[in-house]
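Nothing in this text is a laboratory measurement; each read-out follows from the coordinates by a stated rule. This structure is a prediction, so every number in the text was calculated from the model and none was measured. Cβ atoms come from the backbone with ideal geometry, glycine included; neighbour counts cover every protein chain shown.
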Amino acid sequence: MKHNKLFFLSIIVLSLLSAGCRSSGDYFLDNLDRSVSPRTDFYQYVNGNWLKDHPLSPSDFLVSTFTELQFRTNERMFVMIDSINRETAAPGSIEQKISGLFDQIMDTEKLDREGAAPIEGDLKRIAGIRERAELFRQIFELQKTGINLYFRFGTAVDSKNSSLHVWAMGQGGLSMPRSYYLDTDENSITVNAKYRDHIVRMFELSGFSAEQARTNMEAVLRIETRLAAAAFDEVKLRDPNANYNRMSGGELRQLVPAFDWDSFFTVMGLSFPDELVLFQKEPLIEAANIIAREPLADHIAYLQWHLIDDAALLLGSDFYAADFDFYQRTLFGQEEMQPRVRFAFEMVNNFFGEALGQMYVEQYFPPAAKERVAQMVAHIREVLRERIRNLQWMSGETKAEALAKLDAMGVKIGYPDKWKDYSALDIGDDSFYANRKRARLFSRALDTEKLGKPVDKTEWGLLPQVINAQYSPESNNIMIPAGILQYPFFDMDADDAFNYGAIGVVIGHELTHGFDDQGRQFDKDGNLRDWWTAEDSERFTGRAQVLVDFFNSLEAAPGLPANGALTLGENIADNGGLHIAYEAFQRAVKVKPLKDRKGFTPSQRFFMANATLWAMNVRPEVIRNITLQDPHSLGLWRVNGALPHIEEWNKAFNVQAGDPLFIPPEKRASIW
């Protein structure tokens, strides 16, 4: 399939027009399902018509307000890519690199002609391993190009010395979520069996005989299951202290003597570090034991599998379809592949995300939006400051530290001050696979350049075009990209009821992350340090346990309970964000009063605007994956689970004892 510029441009323009210009803060009122009482199911009441109007297409596994807005934002950027004049773009320019890569990905005829040819040389090199020393070297060479083998590594901010970058390592090496290797429920057994078939199929596509493919599959499963058994589960991964082990290079040699560390750092182009951090110590020890003791033939199969698995989407349509069948159809229930053009855009965005982001903000992010959001952040932060000062359960000593942290918290809005330079990243016409390898080596080089250097706390961890927001504990700052500053999260033409209920709660959510069960363990400078008195820490834990217990009592799907421990940080942030954004909103309307609109009070519209954000249609397979792995609760429970803890919501909708969503005041969470 060749790229036809005018054809694709017309599709995108039509889809943009069909999406419409949703500039009214009251637009969400059209989504109401008035057949349902808000006191029975607030999520359905606010989002019922949206859910009906946004069914899952065969190529979707999840449709939400986030994905809908990301799709519209991506369409805008696609128009930018498609509008590049290929004939006049200067060789080596960012325009030539972006358009050249996009056209290469869209040229499926060439990819089909190549088949497995782009990876054949690497597969043969791995097959030629004859001794353990060469095994180590091949592992490290593959890891250097971003292939997930045995463990992960890279440059990170030192959690206990957040002003410096340090070399860090942690668990890795799996192709599926950990639970599918270990759990014995019917669904996990079924997924595991399909994974085995998938491995065999992919080896056969790569030129291996059916017998060798099955032998290789058994070796891969043995190694990956050992890695999974040693890996930390999702709840333990949320404990900052359990995932921090600083040590000297000599201590690393003593801890993991079976590992060829000299070869590892030589391949990475680094001298042996004086100090480093192991995020997960025990899984790394087990990974080293596996590498040192499992048969060479098993390791060869494991390396070849991860090479094939990592490259599948970069090869011909047989590989692309097989990858889809397992990772999208089996794990997520998706029935059909997304259009190739969407995949091509996503890959270009992975390669050149900041360059596209720079183009995006120049066209679609007005300075006035940044200014207004900055004012909202200041107002919401002031509310949190006063709430901390007035806490009855916290001592003055801990309050002083908390206030110092809040005052030191940075705010990034819209886009970075300095853009990434892609001049050193070459895009050739050899193969998609080769270009992806170059892109990863480019990123690896930027990563390792930071070692031993001061941390640049102005650096962004999100692209400006993403529909997301973030708090970074090591940098102690919140980040609100330009992408999320659109309807239904933000609207320059909407009133404070809408904007405080939508983006205001998001802002409050991110501020609260600095004081959730994880964030509270970092101080104002971003260092992992216990600044709490023992008594205050105990009181915090008791109050947080209310949310753990409440969410544990919910059912994500029949027979599948929610996980209150895994989602605790996000649930604390939702709770705090709602409290402080609502109070900031009440202060705003004292200065600029609002009237009822379309039969709803300003307070009601605040909570309705917030509930709109979490609308989602999702496949059963995805519900399971989110519940087992994601620290965020399902959208349903970010409404029906979060709002009943908020007294002002209960008052706004006259929720009384006996109503399905009523929670007695003494059982509601109250932290910040």
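The chain: D in µm²/s via Stokes-Einstein (Kirkwood Rh, Cα pairs, 20 °C, 1.002 mPa s)?
Values: Rh = 26.9 Å.
Rounded, D is 80 µm²/s.
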Open item on the list: Residue by residue through the stretch 301-308, what is 3J(HN,Hα) from phi via Karplus (6.51 cos²θ - 1.76 cosθ + 1.60, θ = phi - 60°)? Round to whole Hz and write x for glycine and proline.
Closed with: 4, 5, 5, 5, 4, 5, 5, 5
- [ ] Would you mind checking the tilt of helix 396-408 against the longest principal axis of the Cα atoms of the chain, expressed as 0 to 90 degrees and rounded to 10?
- [x] 70
TODO: Enumerate the aspartates and glutamates that K144 could reach by cross-link, defined here as Cα to Cα under 18 Å, with residues fewer than 8 away along the same chain left out.
DONE: D122, E134, D260, D262, D309, D310, D426, D447, E449
- [ ] Taking the dipole about the Cα centre of the stretch 439-567, with the C-beta of Lys and Arg at +1 and of Asp and Glu at -1, give me whichever of G526, L554, I467 is farthest to the positive side.
- [x] G526
Open item on the list: Using a 7 Å offset from the Cα along the Cα-to-Cβ direction at both D421 and K592, what is the distance between the two label points in nm, to one decimal?
Closed with: 4.2
TODO: Return one number: the angle in degrees, 0 to 90 and rounded to the nearest 10, between the long axis of the Cα atoms of helix 340-364 and the longest principal axis of the Cα atoms of the chain.
DONE: 50
TODO: Find the centroid of the Cα atoms in the stretch 296-327 and in the stretch 468-517, then give the distance between the two in whole Å.
DONE: 39
Open item on the list: Taking amide H atoms as placed 1.01 Å from N in the peptide plane, list the residues 5 or more away in sequence, or in a different chain, whose amide H sits under 5 Å from that of L149.
Closed with: G173
- [ ] List the residues whose amide H sits under 5 Å from the amide H of I413, counting only those 5 or more places along or on another chain, with H placed 1.01 Å from N in the peptide plane.
- [x] I480
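Looking at the stretch 334-410, which GluC sites (Glu not before Pro) are in a loop (DSSP not H, G, I, E or B) and have at most 14 other Cβ atoms within 10 Å?
On the way: sites: E335, E336, E346, E354, E362, E371, E382, E386, E397, E401; in loops: E335, E336.
For GluC sites (Glu not before Pro) across the stretch 334-410 that sit outside H, G, I, E and B with at most 14 neighbouring Cβ atoms in 10 Å, the list reads E335, E336.
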Task: Amide H contacts under 5 Å for A556, placed H, 5+ residues apart - done: A562
Task: Contact order relative to length of the stretch 297-430, as percent, for alpha carbon pairs under 8 angstrom and 6 or more apart - done: 22
Open item on the list: Rounding to the nearest 10 and keeping the result within 0 to 90°, find how far the Cα-based axis of helix 432-448 lies from the longest principal axis of the chain.
Closed with: 70
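Quick one: of K160/K412; K418/K457; K418/K450; K97/K124; K420/K450, which pairs are farther than 19 Å apart, Cα to Cα? Could you put the intermediate results ahead of the total?
Details: K160/K412 23 Å; K418/K457 12 Å; K418/K450 16 Å; K97/K124 30 Å; K420/K450 14 Å.
Checking Cα-Cα distances, K160/K412; K97/K124 exceed 19 Å.
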Task: Residues of the stretch 622-644 with amide N under 20 Å of a point placed 7 Å along Cα→Cβ from L391 - done: none
TODO: Please figure out what share of the DSSP beta bridges in the chain is antiparallel and state it in percent, rounded to the nearest 5.
DONE: 75
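Based only on the alpha carbon positions, what is the Kirkwood hydrodynamic radius of the stretch 171-320, in angstrom?
Numbers: mean 1/r = 0.0581 Å⁻¹.
It is 17.2 Å.
With n ≥ 4 as the cut-off for DSSP H runs, can you work out [θ] at 222 nm for the chain, using -39500 (n - 2.57) per run divided by the number of residues, rounded to the nearest 500? Mind dumping the intermediate values first?
On the way: 27 runs with 351 residues, N = 672.
One gets -16500 deg cm²/dmol as the mean residue ellipticity at 222 nm.
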Task: Charge dipole magnitude, Cβ of K and R +1, D and E -1 - the stretch 182-289, Cα centre, debye nearest 20 - done: 100
Task: Footprinting exposure proxy for I484, I291 (fewest neighbouring C-beta atoms within 10 Å first) - done: I291, I484
Task: In Å, descending, principal axis extents of the Cα set of the stretch 540-672 - done: 46, 34, 28
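Full-extension gain between E87 and E335, please, as 0.36 nm times their residue separation minus the C-alpha to C-alpha distance. Can you show the working numbers first?
Details: separation 248, 0.36 × 248 = 89.28 nm, distance 3.84 nm.
Extra length from E87 to E335 when fully extended: 85.4 nm.
Can you give me the orientation-averaged projected area of the convex hull built on the Cα atoms of the stretch 334-456, in nm²?
Working: hull surface 54.9 nm².
For the Cα atoms of the stretch 334-456, the hull's average projected area reads 13.7 nm².
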Open item on the list: I need the semi-axes of the equivalent ellipsoid of the stretch 135-251: take the C-alpha gyration tensor, multiply each eigenvalue by 5, square-root it, list largest first in whole angstrom.
Closed with: 32, 20, 10
